[in-house]
Each structure stands twice: as structure tokens, then as C-alpha cells.
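Report on the following structure.
The values are calculated or read from the model by the stated rules, or taken from the named source; none is laboratory data. No experiment lies behind these values; they were computed from the predicted model shown. All Cβ positions, glycine included, derive from the backbone under ideal geometry; neighbour counts span all protein chains shown.
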Amino acid sequence: MIEHGPTSQSYISQRLRLHYVDWGNPDAPPLILVHGGQDHCRNWDWVAEDLRRDYHIIAPDLRGHGDSAHSPSGEYGLGAYVYDLAQLIHQQGLAPVRMVAHSLGGNIALRYTGVYPETVSKLVSIEGMGPSPSMLARRAKTSAPERMRSWVEHKRALAGRTPRKYASIEEAYARMQAENKHLTPEQARYLTVHGAAQNEDGTYSWKFDNYARSSSPSDLTPKEIHELWENISCPVLFVNGKESWASNPEKDGSLKHFKDARVVEFERAGHWVHHDRLDDFLTEVRAFLA
């Protein structure tokens, strides 16, 4: 249980008011924790509670997630997320900074670090490589008109979709438990309380914007992404769960694009390694960040 929580702050990026939590200890080296898609900044609380003694921890809510503003246009391209992270680091004067990032957050952090390598001193990416080489190969077989058409139809479907409502926080909690079998009841309840908001009719819905489920039909090419990775100068630690669907960068060949990187894979862990194997994860990360 988290006894002494962080303070809530905000900053402006592309006219959006974005939320982050600050765990104090401002004289310590800065450490940013970046969450994944359809998640929120409070999912890091167990990690932050342990590392706050040695670092000044800031954990942002991505645009359209947690307590950050939703994009008025419903657009959530990776370029916008990278800009938001760049603004947070620039406005708060955090460079050089360490980062720990998960899933979508890892993809964002890797791209940011490739653009501004001088501002990041250490990076931990938990299953945050983005689409695997095999997924990119399948995507390359789809024509540009097909990709654009699919994107339009997906966005149109999302426009007609209302956020799912749960009759009680207990019902939302049960959904959270079903999503990750490794979570303890305490973890699932905590993540639900911070990840859901009560509607006017008394029901509960997840805080993230439904439009954030849609990815852009256009992105950097694999070659351009590799150029970003190759421009990263700091040490990188990749963390994978053996029971996850995510591709292991050591096994799929992606690791060769990094100057200084290694992979650690955890048994008995899925996509949320920092929840599933918290103590062992912290031991590994603490040693790497030091």
C-alpha cells in the first residue's frame, strides 16, 4: 500500500493541459516513468515508492489518458506523444534524465531519445519496441490506400462507440483482474481506483479516451525508426516477460540497432513485468540506473 503519495501537477503541450505526478526529492537526479496505452501514471506507484529515495520521480499521464486532457481532434500519433515528452523535459529542466517506460511509453521514450540523445542518460524499455519485425513485414504487404481506408473505418467505428460503463467500481475491478492474471487483488483494486472515473449517472468508466485506441495510418518507415535507435547514445535495458505476446528484441534482431543495450527476460511475467515481478524488476532496474 502506498502511504505517502505524490503531488499532482500539470503542464501545457500543444494547447493541452497534461497531468503528471511529482514524487518529491527535487535535489536528486530526475527519473521519468512513462506508462503504456490505456493506462495511467499511477500504475507506477509501487516502482516510484521504492525509487523515490534516490531519484526525483515524475510520472506523466499521456495525452488522452489518466487525468490529462483528451485531444480535441481525436488524433494520437506517436509524433504528438514524443512532442509532449519533449515539452515536459524542456519545461521542467529535467535533462539529463533517466527514464523507465512501458509498452507505448517505451516506444515514445525510444523515439524521443533518438531525437535528443544528449538529454537521456539511461533508459529502461519494458516491452516498448513498437511493432515487431514480423508485424512490420505484414504491414508492408498492405497498400497505402488499404491502410488509409482501414484507419478511416476504424475511426468511424470509434466515433460511434460510447465508453463502457460499469455499474460499480467492483465490476470495473473484476475487469481489471481479468485483464492481468498476475495482479494481486490489492494491485488490481488500486489500479482500478486510479484508472476509472465516476459518471454523472453513478456508473464508472475508464479515464482513457476511446480514440487513443486508434494508431495513425502513416508513421516512420522501419529504416527511419532504425536510424532513431542507432542515434541513441545512452545505455538501454530492455525488459520482457516470457509469458507476453511482445517480441524479444534480442531474438528478433532489433538489438543490433543499439550501441549499448541488453535484454533481460523474466519468467512468470506477462506484458506488465513491473507488476508481475515487482521485486525482481526493481532489483534489476535499480542496479542499471545507478
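Run down Gly114, Gly105 and say which single residue is in contact (Cβ under 8 Å) with a residue 24 or more places away in the chain, over 30 Å from Ala157 (Cβ atoms), part of a helix (DSSP H, G or I) and not basic (Lys, Arg).
When all the criteria are applied, what remains is Gly114.
Would you be able to say whether some residue in region 131-138 is under 21 Å from the mean Cα position of the chain (by Cα) and assigned to a loop (DSSP other than H, G, I, E, B)?
yes
Matching residues to (1) in contact with a His (Cβ under 7 Å, 6 or more places away or on another chain); (2) free of Cβ contacts under 8 Å to residues at least 12 places away in the same chain; (3) among the hydroxyl-bearing types (Ser, Thr, Tyr):
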position	(1), (2), (3)
Lys165	no, no, no
Ser168	no, no, yes
Ala172	no, no, no
Gln187	yes, no, no
Thr192	no, no, yes
Ala197	no, yes, no
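Output the residues belonging to region 221-247 that are within 17 Å of Leu136 (Cβ to Cβ) and in contact with a Gly (Cβ under 9 Å, 6 or more places away or on another chain).
Hits for region 221-247 are Ile225, Glu227, Leu228, Trp229, Glu230, Trp245, Ala246.
Within region 23-49, can you find the residues that are of a type in the set (Val, Ile, Thr) and closer than 21 Å to Arg277 by Cβ?
Residues satisfying the conditions are Val34, Val47.
Can you pull out every residue in region 173-194 that is out of contact with any helix residue (DSSP H, G or I) (no Cβ under 8 Å at 6 or more places or on another chain) and either among the acidic types (Asp, Glu) or surrounded by 17 or more Cβ atoms within 10 Å (Cβ to Cβ) (or both)?
Once the filter is applied, which keeps residues that are out of contact with any helix residue (DSSP H, G or I) (no Cβ under 8 Å at 6 or more places or on another chain) and either among the acidic types (Asp, Glu) or surrounded by 17 or more Cβ atoms within 10 Å (Cβ to Cβ) (or both), region 173-194 yields Glu179, Glu186.
Listed residues Gly64, Gly36; which is part of a loop (DSSP other than H, G, I, E, B), modelled with pLDDT of 95 or more and in contact with a strand residue (DSSP E or B) (Cβ under 7 Å, 6 or more places away or on another chain)?
One residue alone meets the criteria, Gly36.
Restricting to helices (runs of 4 or more DSSP H) lying wholly in region 196-290: which have 3 or more residues that are among the hydrophobic types (A, V, I, L, M, F, W, C)?
222-230, 278-289
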